[in-house]
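Since the structure comes first, as structure tokens, the remarks are kept for the end.
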Amino acid sequence: MIDVFDAESLVPRDKHDITAPSAIESAGYPAIAPILDDLLAWTADGNWPIARPLARFLVTLGTPIVDPLLRVLRGKDSSQKYFCFQLIVEKLSVEVLRALENDLQRLVDRPSKTDQLEGVDELAREALQRLHS
């Protein structure tokens, strides 16, 4: 019998599922590749108990987190973008941050009204400054 790993079983059940991050870390990458977008969604509110430990792990992934981050940065949820910056983007290595540069510049140059209200444009500016310092 073949043992098939089910990455979906690692997706947190709710915002209080604080045991999930250790199971996710144990599985590691690339096992969790199919659920990266789901995991990133659990960092959408930095006040959720699961958000910070999960974000700490996602930062360690390096380039595999780039595409899921780009989907958030290109999305319409300004609050999620704000927490994405606070919990993940500001902790990324310069090498990984470089892959986000065009989208960071777009958020600085052409932020939506809600992105401005959430301060996303300022956070993007700070990330670009870190990239170019």
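What follows draws every value from the coordinates through simple rules; no lab data is involved. In this text the structure is predicted, and so the values were computed from the model without any measurement. So basically every Cβ, Gly included, is an ideal-geometry build from the backbone, and we count neighbours across all protein chains shown.
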## Note on the structure
Wholly inside segment 31-133, helices (runs of 4 or more DSSP H) that include 2 or more residues that are more than 23 Å from residue 6 (Cα to Cα) are 66-73, 78-87, 94-98, 101-109, 113-118, 120-131
### Task
List the number of the failed condition for residue 7; all other conditions in (1) surrounded by 15 or more Cβ atoms within 10 Å (Cβ to Cβ); (2) within 17 Å of the chain's Cα centre (by Cα); (3) of a type in the set (Gly, Ala, Ser) hold.
(2)
## Note on the structure
Of the listed residues (64, 30, 68, 49), the one being in contact (Cβ under 8 Å) with a residue 12 or more places away in the chain and surrounded by 18 or more Cβ atoms within 10 Å (Cβ to Cβ) is 68
### Task
Tell me, please, whether a residue that is within 16 Å of residue 90 (Cβ to Cβ) and not polar (S, T, N, Q) can be found in segment 23-40.
yes
